[in-house]
Amino acid sequence: MSAELYSFSQLGWNHFFQQQLSLEELESTLPSRVFAVHRSSVDIICDRYQQQVSLPGSWYQNDPEELPTIGDWLLLATETGQPVRLLDRKRSPYNDLPEYALSPPRMAYSSTAPACENYN
């Protein structure tokens, strides 16, 4: 058996992702983290190896937001190494904030501001 590259916790695996797996998936798939995205493939890393895997053509019929992106977790079939399912993304608490809350504050402009005076 090869040496472990990273532990799942070092890659960001936690209870949120673990609870998405069925018993069957626990036995037949390997979680892997996406670290690069190409036109028709992704680079993944897991506790055993890193490699580039092709995405199934049927995945491209879905909404582009449902395709893997950097940081996502994919389940790979242990027998073939091919992607089986994309796990749900962990939502950031910032996703629920209105857009103006994420914008930098604007300087207030007043046309009644006092003019600069020369005190010489």
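The values are calculated or read from the model by the stated rules, or taken from the named source; none is laboratory data. Bear in mind the structure is a predicted one, so any value in this text is a computation, not a measurement. Note: ideal-geometry Cβ built from the backbone for every residue, glycine included; neighbour counts use all protein chains shown.
General remarks:
- Restricting attention to region 1-43, the residues that are surrounded by 11 or more Cβ atoms within 10 Å (Cβ to Cβ), at pLDDT 90 or above and among the aliphatic types (A, V, I, L, M) add up to 8.
- Within region 86-117, tally of residues that are more than 14 Å from the chain's Cα centre (by Cα) and modelled with pLDDT of 90 or more: 0
- Of all residues in region 44-53, those being loosely packed, with under 12 Cβ neighbours inside 10 Å and modelled with pLDDT under 95 number 0.
- In region 60-91, the residues that are free of Cβ contacts under 8 Å to residues at least 40 places away in the same chain, basic (Lys, Arg) and surrounded by 11 or more Cβ atoms within 10 Å (Cβ to Cβ): Arg89
- Ser7 closer than 20 Å to Glu66 by Cα and either free of Cβ contacts under 8 Å to residues at least 60 places away in the same chain or of a type in the set (S, T, N, Q) (or both): no
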